[in-house]
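FYI, it's all coordinate maths here, none of it is from the lab. On a predicted model such as this, the values are computed, not experimentally measured, just so you know.
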Amino acid sequence: MITVQERQFELLKDHRECFNEEEFASKYIDELFDKYDYITGDYSGGLLRLKGFYHNDKEKNYKFIPDYIMDSCAYGCAFYVLKRVKGESTHE
């Protein structure tokens, strides 16, 4: 279990063992990411990028995470996927 800013996450995937809790916490902006059920972190040019996905949504559904990694991330990049486990998404 990972706790950042009183929010809890489960690390579902850690491709190339890149997850760094301090770096994630420094990039996590609650006003932007609290509404998401899943958050991906990927490294492009040595910089961490975060992107959120919902559990139930047609366009930003978590099932599209593999497509996002293939289409929007550098080939072979290190990435991780977190799932929110405490609290609820504000997305309806």
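Computed over the chain with a Gaussian network model linking Cα atoms closer than 10 Å, the most mobile of 41, 52, 76 is 76. Amide hydrogen proximity for residue 8: with H placed 1.01 Å from N in the peptide plane, the residues at 5 or more positions away or on another chain lying under 5 Å are 85, 86. Across every pair of different alpha-carbon atoms, what Kirkwood hydrodynamic radius in Å does the stretch 2-84 reach? With all distinct Cα pairs of the stretch 2-84 included, I get 12.9 Å. Using Cα positions and a limit of under 17 Å, work out the lysines in reach of residue 83, with same-chain residues fewer than 8 apart set aside. Hits, sequence-local ones excluded: 13, 27, 35, 51, 60, 63.
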